[in-house]
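Here the structure is laid out as structure tokens; the discussion comes afterwards.
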Ligand SMILES: [Zn+2]
């Protein structure tokens, strides 16, 4: 993340989409699925994470929290950016959006390819491909990343609603 601060977040269960988008920016985001409030706060404290939550009571119970006000992803991203303007908010696509794992370069014919899940999508014949060592999905620049970049640009340039 170079000169920018690399934030460490924990997102509550209501914020799965926000967690994915922050991971597109390279942020380290743990996603609390199926955990009780007390457990979420305990893990965030233990791992030095700042909590992103839609739950007012949970936000009140943990000092390093941002209470996310809106159910809409654009509003949510603008709120997080307003709270931590020095964190990066451009897609870098260097982290798996599904499991938060930093991506590694993937070379064709490498052993990892044997682990690949069957999928309809085939990587382009040229251009870099990245792999997540945990899931192990593959990622490359294409129509999907263009769509995400365009969405993020629209959302982050829009005026925040009242
Ligand atoms: Zn993954």
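Okay, here's what the table says:
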| item | result |
| --- | --- |
| Residue 156-residue 98 FRET efficiency (beta carbon distance; Förster radius 30 Å; 0.05 resolution) | 0.85 |
| Residues 96, 135 arranged by fewest to most Cβ contacts within 10 Å | 135, 96 |
| Degrees between helix 73-83 axis and first principal axis of the chain (Cα, 0 to 90, nearest 10) | 70 |
| Share of pairwise Cα separations in the range 8-89, more than 16 Å, in percent | 44 |
| Between 0 and 90°, nearest 10: helix 143-157 axis offset from the chain longest Cα axis | 30 |
| Directionally averaged shadow of the chain, computed from the convex hull of its alpha-carbon atoms, nm² | 10.9 |
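Every number in this text was worked out from the coordinates using simple rules, so none of it is lab data. All of these numbers come straight from a predicted model, not from anything done at the bench. Because the Cβ atoms are built from the backbone with ideal geometry, glycine has one as well, and the counts that use them run over all protein chains shown.
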